[in-house]
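The values are calculated or read from the model by the stated rules, or taken from the named source; none is laboratory data. Quantities reported herein were computed from a predicted structural model and do not represent experimental measurements. Glycine also receives a Cβ, built like all others from the backbone with ideal geometry; neighbour counts cover every protein chain displayed. Ligands, DNA and RNA are excluded from the accessible area calculation, which covers all protein heavy atoms including side chains. Shrake-Rupley method; radii C 1.70, N 1.55, O 1.52, S 1.80 Å.
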Amino acid sequence: TANQGGGLGVHDIASATLIDSTVSGNSTPADPRGGGDGAGIYAAGQNLDLANVTVSGNDAEGSGGGVAVFSGLFSFDSVTLTNNSADADGDDEGDGGGFFAAEEEQGVVQNSLIAGNTDVGGGEAPDCAGLVDSVGYNLIGVTDNSCGFGNTGDQTGTAASPLLAGIGPLGDNGGGT
C-alpha cells in the first residue's frame with residue numbers, strides 16, 4: 001500500500017522496464033493531499049516499458065487501478081490488465097480501472113488484454129481512460145470509443161456488450177515461480 005504506486009512507483013527522471021512479471025494485490029488509499037492513483041503501477045517519470053507482464057487484483061482510490069501514467073512515454077507489449085479497480089471508494093474521482101493515461105501522454109499498446117476491470121464510482125471507464133496509440137492485436141473489454149483502440153486486429157467491447165477476458169483468477173497452477 002502506498003499513496004501512489006502501491007506495487008511500483010516510477011517518479012521524476014526515473015524509467016522502468018518490467019519483463020515476465022506479475023504485479024498483484026496492491027492498493028492506493030485516498031489522501032487529502034492528492035494521490036490514490038496507480039495501485040499496481042504509477043508512472044510519472046521518463047519511460048515505462050512492460051513486456052509479458054500481468055497486472056491484476058489491485059485497488060486504487062483514484063485513477064488507474066492497474067496502471068496510471070501521468071507523464072513520460074509508455075510501451076505495453078503482451079500485457080494483461082484484469083481484475084483491477086479504480087475509484088474504489090465510489091466518490092467518482094478516478095477513472096480507468098485497468099489503465100489510466102493522462103491526455104497529453106504518449107504510449108503504444110500491442111498484443112495486450114485489458115478487460116474485466118471496474119470503475120466503481122461512475123463506471124464510465126472500467127478498462128481504459130485516456131489516449132493510447134494502438135499498434136494492434138489488443139482485446140479491450142469496454143472502450144466506448146475511448147482510448148484510441150481500433151487498429152488491425154483490435155477487438156473492443158462496449159458497456160452494453162463488453163468483451164470478456166476469458167481468463168481465471170491468479171493462482172497456483174503447478175508451474176514454477
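What FRET efficiency would be calculated for the residue pair residue 21, residue 155, taking the C-beta separation as r and a Förster radius of 30 Å, to the nearest 0.05?
0.75
So, counting K/R as plus one and D/E as minus one, what does the shell of residues with Cβ under 11 Å around residue 109 add up to?
Net of charged neighbours comes to -3.
For the chain, what proportion of DSSP beta bridges, expressed in % and rounded to the nearest 5, is antiparallel?
Taking every DSSP beta bridge within the chain, about 0 percent pair in antiparallel fashion.
Can you compute the modelled spin-label distance between residue 164 and residue 12, with each label point 7 Å from Cα toward Cβ, in nm?
So the two model labels end up 4.7 nm from each other.
Considering only protein heavy atoms and a probe of 1.4 Å, how much of the accessible area of the range 115-163 is carbon and sulfur, as a whole percent?
On the way: 1120 of 2210 Å².
Of the solvent-accessible surface of the range 115-163, carbon and sulfur hold 51 percent.
Could you state the accessible area per residue of the chain in Å², with a 1.4 Å probe and every protein chain left in place?
With the other protein chains kept in place, the chain gives 45 Å² per residue.
Given contacts defined as C-alpha pairs under 8 Å and at least six residues apart, what's the relative contact order of the range 1-52, whole-number percent?
Relative contact order for the range 1-52 comes out at 53 percent.
Using only alpha carbon pairs under 8 Å that are at least six residues apart, calculate the relative contact order of the range 1-120 and give it in whole percent.
Relative contact order, the range 1-120: 23 percent.
In percent, how large is the relative contact order of the range 37-78, given Cα pairs closer than 8 Å and 6 or more residues apart?
56 percent
With the Cα gyration tensor of the chain giving a ≥ b ≥ c as the square roots of its eigenvalues, does the rule (a/c under 1.5 for rounded; else a/b larger than b/c for prolate; else oblate) give rounded, prolate or oblate? Please list the in-between numbers first.
On the way: a/c = 1.19, a/b = 1.12, b/c = 1.06.
Judged from the Cα gyration tensor, the chain comes out rounded (a/c under 1.5).
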